[in-house]
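What follows is one structure encoded as structure tokens, with my remarks underneath.
The values are calculated or read from the model by the stated rules, or taken from the named source; none is laboratory data. Since the structure is predicted, the reported quantities are computational estimates derived from the model, not experimental observations. When we count neighbours, we look across all protein chains shown, and the Cβ atoms used for this are built from the backbone with ideal geometry, even at glycine. Remember, those area values only see protein heavy atoms, side chains included, never the ligands or the DNA or RNA. Shrake-Rupley method; radii C 1.70, N 1.55, O 1.52, S 1.80 Å.
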Amino acid sequence: MKLAEEETFGPVAACFRFTSEDEVVMRANNTPYGLAAYFYTQNLSRVFRVSQAIESGMIGINECAVSTELGPFGGVKESGLGREGSVLGLEEFLEVKTLHI
């Protein structure tokens with residue numbers, strides 16, 4: 001189905017059954033895209049473990065809004081390179097000077 005293979009934009013929630021955390025991460029990463037990912041959990045250890053493993057530029061954890069003017073916006077893989085917004089988005093336009101004293 002297209003929903004499982006394309007970078008879908010719009011109000012849609014794709015729900016798939018799974019049997020293990022490893023299976024979920026493998027499925028999430030088995031795509032050429034990586035703009036945003038979302039997951040829900042009450043387990044703080046899982047938050048850090050799964051967030052580290054998922055190949056995505058932005059991850060919503062127990063939250064559906066991943067875009068804010070305060071946070072960097074951007075993806076990985078074919079979903080983009082670099083970040084817009086926040087302090088990180090400004091780095092592309094700055095010239096850094098290093099002082100060694």
Checklist outcome for this item: Under the Karplus relation with 6.51, -1.76 and 1.60 and θ = phi - 60°, whole-Hz ³J(HN,Hα) for region 26-42, x at Gly and Pro, equal 4, 5, 5, 8, 7, 7, x, 10, x, 6, 9, 9, 9, 8, 10, 7, 9
Next on the checklist: Per residue, how much accessible surface does region 1-78 expose to a 1.4 Å probe? Answer in Å², no decimals.
Outcome noted: 75 Å²
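With an 8 Å cut-off on Cα pairs and a minimum separation of 6 or more residues, tell me the relative contact order of region 2-93 in percent. Mind dumping the intermediate values first?
Numbers: 112 pairs, mean separation 21.8, N = 92.
After rounding, I find 24 percent.
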Checklist outcome for this item: Cβ-Cβ cut-off under 14 Å around Arg27, Lys and Arg +1, Asp and Glu -1: the net charge is -4
Item to check | Candidate values (1) 56, 14, 9; (2) 26, 14, 11; (3) 30, 17, 13, label of the one derived for semi-axes √(5λ) of the Cα gyration tensor in Å | outcome: (3)
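Roughly speaking, to the nearest percent, how much of region 28-101's 1.4 Å accessible area is carbon and sulfur?
Values: 3240 of 5750 Å².
Using a 1.4 Å probe with all protein chains present, region 28-101 comes out at 56 percent carbon and sulfur.
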Item to check | For region 85-92, Karplus couplings with θ = phi - 60° (6.51, -1.76, 1.60), whole Hz, Gly/Pro x | outcome: x, 6, 5, 5, x, 7, 4, 4
Checklist entry - Expressed as an acute angle from 0 to 90° and rounded to the nearest 10, what is the orientation of the C-alpha long axis of helix 44-53 relative to the principal long axis of the chain? => result 80 degrees
